[in-house]
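Taking it in order: structure first as structure tokens, then the write-up.
The values are calculated or read from the model by the stated rules, or taken from the named source; none is laboratory data. It should be emphasised that the depicted structure is a prediction, and the values quoted were computed from it without experimental measurement. Reconstructed Cβ throughout: ideal geometry from the backbone, glycine too, with neighbour counts over all protein chains shown. Accessible surface is based on the protein model in full, side chains and every heavy atom, while ligands, DNA and RNA are left aside. Shrake-Rupley method; radii C 1.70, N 1.55, O 1.52, S 1.80 Å.
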Amino acid sequence: HPQGDRTLPRFGCIRPELAAMSLEYVNDLNAAEKIRELASVDHPGVRPIESNDFRSLFIRALATVFRAWNNSGRRIVPGAIDPANVVVPELDFHEGAVLLSLAAWEPCRDTLSLFRPLYKNFYRKTRALYPASAGSLRHEWIFDACVEALGAEDAQDLLQRFRLEAALPGDGGFDAPLLESLDAYLRDFPRTYHPPLPLCNAVDRYNEWSRVNPDATHPARAP
């Protein structure tokens, strides 16, 4: 996309006569592998999961899906919406989170066709595979990722439309706690500051530095 962060690997060689193309090789862990890595640290002697570890990973991965959907003119559900199909750079201040493939994309019929696989594959799947980490997940991360990708005004419109469509008869698939979280999120939206994720990550890095360096001087702690 000519504006904003890219959401796909760069194109390489394209051979239309063969209906074939090559893409940039992405040699990073995908979000599914990082979720497994975070879930595996719940053992004695291993650094415990920080409050922002899961949040940062989920928001960056989910925001990539929202950006790809938006870049398509909001016309398609971009490929397999699954943690295994999105790569998030290891360093949280690096840009470049991408979807590995658009294969299996579908036309976007409504907001449910976008939010349903996000919830099913990022939340329900993670809880099923790693029950011990279930308590670390928050529904609000989906909404925060929407704001991160689209901006506050467009995100609010999309979330309100999703809430209306999720309430229609026969549109199940969403647990009551998710919809309750969405109601609270929308209720507080106009008077809530939504800090950008890089700011939250910077604060977390400072807090981690402060924990490791408790005797740091005031000049060292100054911004």
Test for Phe122: is it closer than 26 Å to Val203 by Cβ and either touching a residue at least 12 places away in the same chain (Cβ under 8 Å) or assigned to a loop (DSSP other than H, G, I, E, B) (or both): yes
Neighbours by Cβ (under 7 Å, 6+ apart or cross-chain): first from segment 182-201, surrounded by 11 or more Cβ atoms within 10 Å (Cβ to Cβ); second among the small types (Gly, Ala, Ser): His194/Ala152; Leu197/Ser56; Asn201/Ser56
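Which residue, of Ser113, Ser133, is assigned to a helix (DSSP H, G or I), of a type outside the set (Lys, Arg), more than 24 Å from Glu37 (Cα to Cα) and in contact with an Asp or Glu (Cβ under 9 Å, 6 or more places away or on another chain)?
Working: Ser133 fails: more than 24 Å from Glu37 (Cα to Cα).
Answer to the selection: Ser113.
Counting just the residues of segment 142-162 that are surrounded by fewer than 16 Cβ atoms within 10 Å (Cβ to Cβ) and either within 9 Å of the chain's Cα centre (by Cα) or of a type outside the set (A, V, I, L, M) (or both), which one comes out nearest to Ala61 (Cα to Cα)?
Gly151
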Filtered residues of segment 40-91 (kept if modelled with pLDDT under 85 and either surrounded by 24 or more Cβ atoms within 10 Å (Cβ to Cβ) or outside any loop (DSSP other than H, G, I, E, B) (or both)): Ser51, Asn52, Asp53
Run down Leu100, Leu118, Leu112 and say which single residue is open to solvent by less than 20 Å² (accessible area, probe 1.4 Å) and farther than 15 Å from Ala145 by Cβ. Leu112
